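This report concerns only the one structure given below.
The values are calculated or read from the model by the stated rules, or taken from the named source; none is laboratory data. As the structure is a prediction and not an experimental result, all values here were calculated from the model. With ideal geometry, Cβ positions are generated from the backbone for all residues, glycine too; neighbour counts draw on all protein chains shown. Keep in mind that these areas ignore ligands, DNA and RNA; they rest on the heavy atoms of the full protein, side chains included. Shrake-Rupley method; radii C 1.70, N 1.55, O 1.52, S 1.80 Å.
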Amino acid sequence: MKISSNHIGKILKNDIYSLSGNLLLKKGTVLNAKHVESLQKHAYYFDQAFVVDEPHHLSKEYFHHVKNMYETSIHAFQSIFSNLEQDSLPPLEDIQQMLTPLVDKLVDDPVFTRYIEQVKSYDNYTYTHSLNVGIYSSLIGKLQGLDKSSISLLGQMGMFHDVGKLLIDKDILQKPGRLTEKEWLEIQKHTTYGYDLLRKNKTIDPHILQGALLHHERLDGSGYPTGIKHSKIPYFVQILSVADMYDALSSERSYRPKQNIFTTTKILIQEANYNRLNPAIVYPFVRYILSNHLREEVVLNNGQLAEIIFIHADEPHLPIIKVDDHFIDLRKNKELEILDFAN
C-alpha cells in the first residue's frame, strides 16, 4: 500500500523507511502534498495503521511539555536582555543553543506552532515577541533553503531586533489607545536606539545591527527610519520583517486583540502585493503556516462550515475547500472567505 493524497493532513504514528532501510519520514509528521510527491521516488513499506486522523500528541501532557520548554526559554532570554541593559552582550553561541531546540521542534512537528500561539504571554511581550521572531526568522531561513550558519544568524537577528524598545517609556509601549504623533515618533526611535546599543559590542555580526536598525523598512520606501527601497534592504532583513509582522499581528497588544492566522496571513499577502514585503519570502511562509491546518474545519463568511483540502503555492491564502460533498477553489470564488477555525 502507498501513501496517497487521501492521507494528506493525517499524522504518522510510525517512521516510514525505504525498503533499503533509509528513514524517509519521522513519526509525528503531518503529511502534506510534498511528502506524498517525495515518497513516489522511493519503494517503502506502509500500512494504513501507520496513520491517525489527529495528532496523538495533542494532549494536555504535550501542551504542558511545550509550555515549559517555551517559558524556560523566555526566562533565559529575559536574563539575556537584563545583561544587555547593563551594556553586556552575552555570548551569541549561548543564545543560539537556547533557540535551536525550539526551531528544530517547530520544523519537525508543525503542530508545535499551535501551542506557541496558545502560550504567548502579553505580560512579557518584548521578550516573547523577540524570541518568536527569532524562531520564525530561522524557520523562514529553513524554508528558503539557507545553510545552518545563515539560519542561526537569522535567529540571532530576530532575538535582538527589538532590543531598542528597552529604552522606550513603557507607558508609551503599553498605551491602550491611539498614540499621539510625538509618541509614535518616539516608538520609531527604537530602531536607532537598538542599533546604538548593540554596536557597543565590537564583535557583533553586522547583520544583527542591520536587523535592529532596518526591520521596519519596506520595499516601496514607506518604512522607517531611513526610507530605503528594494535591494538596498538586505535580504536577511527582508526575512526578519516578515517574521516580525507575522508575530506582531498574531499576538495580543495593548491596543488590539491578536488576529487569527487567516487574517494574519491575508495581511501578509496584501503587504507583498502592495510591494512592501518580499513575495518570494511571504508566499512560502504563508503556505507552510496554512499547510499545517489541512483537513481542519473552518467557518466561512456566509456562515457555512468547510474543510481545508489543498493549499496553492502561488495563492496560499485562497485554498481549495470542501463544503458538504463538493469542492470550492477560493481563487475562483473570491466572494467566499475563511473567517476562522470552527472550534
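If you take the alpha carbon radius of gyration of region 186-282 and divide it by 2.2 N^0.38 Å, what ratio comes out, to two decimals?
Normalised Rg, Cα atoms only: 1.12.
For region 218-261, how big is the tail of P(r) above 11 Å, as a whole percent of Cα pairs?
That tail contains 68 percent of the Cα-Cα pairs.
Residue 51's amide H: which non-local residues (gap 5+, or another chain) put their own amide H closer than 5 Å, with H modeled 1.01 Å from N in plane and none for Pro or chain starts?
Close amide H contacts, sequence-distant or interchain: 13.
Name the GluC sites (Glu not before Pro) in region 268-343 that are in a loop by DSSP and that have at most 12 other C-beta atoms within 10 Å, would you?
Taking region 268-343 and a limit of 12 other Cβ atoms within 10 Å, the loop GluC sites (Glu not before Pro) found are 335.
Summing Lys, Arg as +1 and Asp, Glu as -1, what charge do residues with Cβ under 10 Å from the Cβ of residue 130 carry, residue 130 excluded?
-2
What is the Cα radius of gyration of region 253-303 over 2.2 N^0.38 Å, N being its residue count?
Scaled against compact globular proteins, the figure is 1.30.
Which entries in 142/189; 142/258; 266/332; 148/189 show an alpha-carbon gap greater than 20 Å?
142/189; 142/258; 148/189
Any chance you could check the Cα centroid distance between region 286-336 and region 224-245 for me, in angstrom?
Result: 30 Å between the Cα centres.
Just to be sure I follow: if Rg is taken over the C-alpha atoms of region 163-220 and Rh is the Kirkwood radius over the same atoms, what is Rg/Rh?
Using Cα coordinates only, the ratio equals 1.04.
Kindly provide the trypsin sites (Lys or Arg not before Pro) of region 185-255 that DSSP labels as loop, not H, G, I, E or B, and whose Cβ sees at most 10 other Cβ atoms within 10 Å.
Those that pass, being in a loop and sparsely packed, are 202.
Around residue 44, which amide H atoms from residues at least 5 apart in sequence, or from another chain, sit under 5 Å from its own amide H, with H modelled in the peptide plane?
Sorted by chain and number, the residues that satisfy this are 19.
Have a look at 319, 221, 274 and report the one farthest towards the positive end of the charge dipole of region 190-343, computed about the Cα centre with Cβ charges (Lys/Arg +1, Asp/Glu -1).
Positive-end residue among those listed: 221.
Got a sec? What order do 328, 269 fall in by accessible area at 1.4 Å, biggest, i.e. largest, first?
Sorted descending by solvent-accessible area, the residues read 328, 269.
Enumerate the whole-percent occupancy of each 10 Å bin, from 0 to the last occupied one, for all C-alpha pair distances of region 276-317.
28, 45, 24, 3
What per residue convex hull volume, in Å³, do the alpha-carbon atoms of region 121-274 yield?
Hull volume over Cα atoms, normalised by residue count, gives 118 Å³.
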